[in-house]
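The values are calculated or read from the model by the stated rules, or taken from the named source; none is laboratory data. None of the values given here were measured: they were computed from a predicted structure. FYI the Cβ positions are ideal-geometry reconstructions off the backbone, even for glycines, and counts take in every protein chain you see.
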Amino acid sequence: MGIVILRTILVLLSVLFGAQIRPITLHPLDLTGLLIGAAVAGSILALEYLLHTLEMNSLLGGLAGLLVGGAAAAVVAALLPLDLLAPAPPLAIKGFIFLIFGYTGMALGAARGERFTLGSLRAAWAEGGQRQNYKILDTSVIIDGRIADVCETGFLDGSLVVPQFVLRELQYIADSQDALKRNRGRKGLDILQRIKKGPEVKVIISEADFPEIKDVDMKLIELAKQLAGKIITNDFNLNKVAELRGVQVLNINSLANSLKPVVLPGESMKVFILKEGKEANQGVGYLDDGTMVVVDNAKRHIGRNIDITVTSVLQTTAGKMFFGRSEVVDEATPIDQRPRRTGA
């Protein structure tokens, strides 16, 4: 109802200014001024219609746009020779200029208001004009726990933001009837306490919420837009959606993969053979960082640390896999399958 009243006032003002530019005469009947006012009002409403699909829900953005539009109108009105534009009264022309620029600036500012909020201003200018560096934690990365280790190394700077809706989700998981979920939720709360007690980073509990948004991932994206911050996660889907929305993401899994040791074919390493492989006489082990190592001729060495030679490295979406062969010679191993030594 309110928008209908605003549009009605817009049309009436446009017609009024139009009538002042070209007064109505009866001999002959001249409605040029009214038509001009109606045409201007129609053009402005058409522009609004083109912008109505955008999110026009930010009062601050609309106010800023109105101020900018008013300032631009004042400059234009000062530069135009209004006295020479006869027979139109200067006041009517100024009214038109301020109406067009002001309304257009308000519409554009409101449409882009999602990026022009008090939160983004605080993020951009705080503590003497220094830009804040906010990193927002999601539920999955808190439960994962590795973020606490990264914080303790000192590689993260700025402030870690934990939204209240993430805390509520952690609390809900911690109160679950399922023992596994309950343990994961409690682990996440313990990780937060550990990060908060450490001196390396500052932890901020954000009260921001978006009641109209039900999905927690979308709430995180909106909060990141407001704070001009980054999301720390290990959730693949959140990673992709946030990138599509223009929000930068720091993925813990990507960090872990980048820190895995660089091993070239022909190098030697020691591996603990944990279980049997899929192929005959294969053994499977894991490095300290979780990298899988598939070793030929290692089935007999399950439960032992053995020296192997890396034969190949496979890069997958989940990380790297190493393939190698055992350097331990067993009497039961056929001669043609034993490792060959090179050199004198």
Quick one: in segment 116-156, which of the residues that are over 16 Å from the mean Cα position of the chain (by Cα), of a type in the set (D, E, K, R) and part of a loop (DSSP other than H, G, I, E, B) is modelled with the highest pLDDT? 131
Could you tell me which residue of segment 219-273 is surrounded by the most Cβ atoms within 10 Å (Cβ to Cβ), considering only residues that are in a helix (DSSP H, G or I), touching an Asp or Glu at 6+ places or on another chain (Cβ under 8 Å) and of a type in the set (Val, Ile, Thr)? 252
Residue 303 - would you say it is out of contact with any Lys or Arg (no Cβ under 7 Å at 6 or more places or on another chain) and farther than 29 Å from residue 145 by Cβ? no
Would you check which residues across segment 189-218 are more than 10 Å from the chain's Cα centre (by Cα), touching a residue at least 24 places away in the same chain (Cβ under 8 Å) and assigned to a helix (DSSP H, G or I) and list them? 191, 192, 194, 195, 216
For residue 157, state whether it is in contact (Cβ under 8 Å) with a residue 40 or more places away in the chain, crowded, with 17+ Cβ neighbours inside 10 Å and of a type outside the set (Ser, Thr, Tyr). no
Filter result (in contact with a strand residue (DSSP E or B) (Cβ under 6 Å, 6 or more places away or on another chain) and closer than 15 Å to residue 323 by Cβ) within segment 272-281: 273, 277
Based on this model, can you work out whether residue 44 counts as surrounded by 14 or more Cβ atoms within 10 Å (Cβ to Cβ), modelled with pLDDT of 75 or more and among the β-branched types (Val, Ile, Thr)? yes
Restricting segment 274-284 to residues that are surrounded by 11 or more Cβ atoms within 10 Å (Cβ to Cβ) and part of a loop (DSSP other than H, G, I, E, B), the residue that is modelled with the lowest pLDDT: 281
